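What follows is a single structure, written as structure tokens, with notes after it.
The values are calculated or read from the model by the stated rules, or taken from the named source; none is laboratory data. Every value quoted in this text rests on a predicted model; they were computed, and no experiment measured them. So basically every Cβ, Gly included, is an ideal-geometry build from the backbone, and we count neighbours across all protein chains shown. Only protein heavy atoms, including side chains, enter the accessible area calculation; ligands, DNA and RNA are left aside. Shrake-Rupley method; radii C 1.70, N 1.55, O 1.52, S 1.80 Å.
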Amino acid sequence: MNKLYKGVIAATGLWILCLTSASALAEAHKEDGAKKEMLAEMWVMMPKEGKQQALEDALKEHVKFRQSKNDTREWHVYAPVFGSKLDRLAVRANNFTWADMDTYRDWAKNQGVSENWQQTAGQYVDHYHHYLAIEDRENSHWGPDVNYKYVGVTSYQPKLGHRSAINEDIKTMSEAAKEQNWPYHWSFSNSVSGHGEINLAVPYENWGAMAPPETEFMEVLATHMGDEEKAKELMKRWAGHFDKVEFNVWELRNDLMQ
């Protein structure tokens, strides 16, 4: 299981905010102030019945077209490991600004990217889900050289009015992990749409890397806070922040991006 997530949640027996998307976005802007917000965009595609292989083959063809047009985004393709809809494909890119959204849209239009998509992979897609998130880089720890095969993604749906307390707890837990040299990587992000979910992603090189760590995160947090009881209180408070928590493992499909 997800190491940081296991450490944060397991102590309370709990293993992608009832706000409108506009409210969640406004609050995210307020929290970051004048900082430049970096975004992540993701498309989840459900293939038409019996067309999964055709979609994958056509996707590879479309990727070659985008590369020939010097696509400025580095897209990654993922497939879910658990659940009932295992034929889904998620295509994700990150590390761009709000202004880059306009620039990229213009580039795609000028290069005929949408037309090529419809001629190749688009004809095999039954429907899409589209997501945009603001990356919480201050509370994340995921360098450019992280090698991974899987990503454990936990999606938290916050309760109304808990956003400020959640941000404070995330900051405390992240500081604890960094200052105590917690030897793992993680990334927080805040969804722009939907229920304003907070997403936590943790990379793994293999299944063996998902085994529980020798030092539980609870010990790390208690050392950082200098008080085991305060650490337990934070764990209990964290568990009460959310209406819904979901977890899944996604496999990185590099074979579809070559």
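Things to note:
- Single unsatisfied condition, MET218 versus (1) at pLDDT below 95; (2) outside any helix (DSSP H, G or I): (2)
- The residue pairs whose first member lies in the range 234-258 and is within 23 Å of ASP169 (Cα to Cα) and modelled with pLDDT under 95, whose second member is buried (at least 17 other Cβ atoms within 10 Å of the Cβ) and of a type in the set (Gly, Ala, Ser), and whose beta carbons are closer than 6 Å, counting only pairs six or more residues apart or on different chains, are MET235/ALA11.
- Taken over the range 49-67, the criterion of being surrounded by fewer than 16 Cβ atoms within 10 Å (Cβ to Cβ) and of a type in the set (A, V, I, L, M) is satisfied by ALA54 alone.
- Output for the range 80-91, where each listed residue is surrounded by fewer than 18 Cβ atoms within 10 Å (Cβ to Cβ) and within 26 Å of MET101 (Cβ to Cβ): ARG88
- Selection status of GLN123, closer than 20 Å to LEU55 by Cα, out of contact with any Pro (no Cβ under 7 Å at 6 or more places or on another chain) and open to solvent by 20 Å² or more (accessible area, probe 1.4 Å): yes
- The range 166-180 residues that are at negative phi and modelled with pLDDT of 95 or more, paired with ones that are in a helix (DSSP H, G or I) and basic (Lys, Arg) (beta carbon under 9 Å, 6 or more apart): ASP169/ARG237
- Test: residue in the range 116-129 that is at pLDDT 95 or above and under 16 Å from the mean Cα position of the chain (by Cα): yes
- Options ASN95, ASN139, ASN70: the member that is loosely packed, with under 12 Cβ neighbours inside 10 Å and of a type in the set (S, T, N, Q): ASN70
- Scan of the range 181-210 for residues that are open to solvent by 30 Å² or more (accessible area, probe 1.4 Å), touching a helix residue (DSSP H, G or I) at 6+ places or on another chain (Cβ under 6 Å) and at pLDDT below 95, ordered by number: TYR184, SER193
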